[in-house]
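The values are calculated or read from the model by the stated rules, or taken from the named source; none is laboratory data. These numbers come from a predicted model, not from an experiment. FYI the Cβ positions are ideal-geometry reconstructions off the backbone, even for glycines, and counts take in every protein chain you see. Calculation scope for accessible area: heavy atoms of the full protein, side chains included, ligands and nucleic acids excluded. Shrake-Rupley method; radii C 1.70, N 1.55, O 1.52, S 1.80 Å.
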Amino acid sequence: MNNLLTQSMWNWKASGIALALCFLLAVALVKPIGVSTQFVILDGIIWSWFDDNVIVADANSNTGYASSNAYLNKGDGKYAKSIANPMNYSFIFVIAMIVGGFIASRLQREKPSLQERITPTVWQQAYGTAVTKRYVVAFIGGFLVLFGARLAGGCTSGHMMSGMMQTSLSGYLFALGAFGLAIPVAMLFYKGGQ
């Protein structure tokens, strides 16, 4: 383990094994991992700061909460309950992912240059060093991924990774669709990049 921490970057095998162990422990001890819903919860938390009526206590709901917004009221107020009481396993897991990423970045011996972090080499080879263009494309890509995750009812961690681990047919179909589209798009987008 100490050898893994002193390497400048984990190789794909070590990373894959670590990720698989995290997913296995989560499924065995708590519940399958899925994070895209927590972005909806965060949106609801922010919205509730400005509108006290978006989430209300509701004795008629099985969860004890309801929302005037149909999406936040899904599952008999399941999202509304999570917004009213956000300190749950899934929300803390997302916060832990951010903290874990920060810790991992601090443990790296060799850190990429600022230019490499802003515009990675593969981007520079295909599109140059324009920072604004990189940020706009990254934002659009992130928006499309999150929109698609909500449209599909889950993200890659929930559908693909947790789902396939539980031998869910929807997990395999999601993975097939994700890679079936992602590979040709990446090849087209990064034409000539390595």
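If you take the residues in region 180-194 that are assigned to a helix (DSSP H, G or I) and more than 25 Å from I17 (Cβ to Cβ), which one is least open to solvent (accessible area, probe 1.4 Å)?
G180
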Taking the conditions exactly as written (among the aliphatic types (A, V, I, L, M) and not in a helix (DSSP H, G or I)), does A80 satisfy them or not? no
Checked pairs for region 41-62, first aliphatic (A, V, I, L, M), second open to solvent by 50 Å² or more (accessible area, probe 1.4 Å), C-beta under 8 Å and 6 or more apart or across chains, list as V54/W47; V54/S68; I55/Y65; V56/Y65; V56/S68; A57/Y65
Which ones in region 119-147 are in contact with a Ser or Thr (Cβ under 9 Å, 6 or more places away or on another chain), of a type outside the set (D, E, K, R) and assigned to a helix (DSSP H, G or I)? W123, Y127, V131, V145, L146
Scan region 74-91 residue by residue and report those that are of a type in the set (K, R) and surrounded by 22 or more Cβ atoms within 10 Å (Cβ to Cβ). K81
Scan of region 83-110 for residues that are β-branched (V, I, T) and outside any helix (DSSP H, G or I), ordered by number: none
Set G171, G141, G177: member being in contact with a His (Cβ under 8 Å, 6 or more places away or on another chain) and either surrounded by 10 or more Cβ atoms within 10 Å (Cβ to Cβ) or touching a residue at least 24 places away in the same chain (Cβ under 8 Å) (or both): G171
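Matching residues to (1) outside any loop (DSSP other than H, G, I, E, B); (2) charged (D, E, K, R); (3) in contact with a helix residue (DSSP H, G or I) (Cβ under 9 Å, 6 or more places away or on another chain); (4) at pLDDT below 85:
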position	(1), (2), (3), (4)
N3	yes, no, no, yes
A18	yes, no, yes, no
L21	yes, no, no, no
K31	no, yes, yes, yes
L42	yes, no, yes, no
I45	yes, no, yes, no
W49	yes, no, no, no
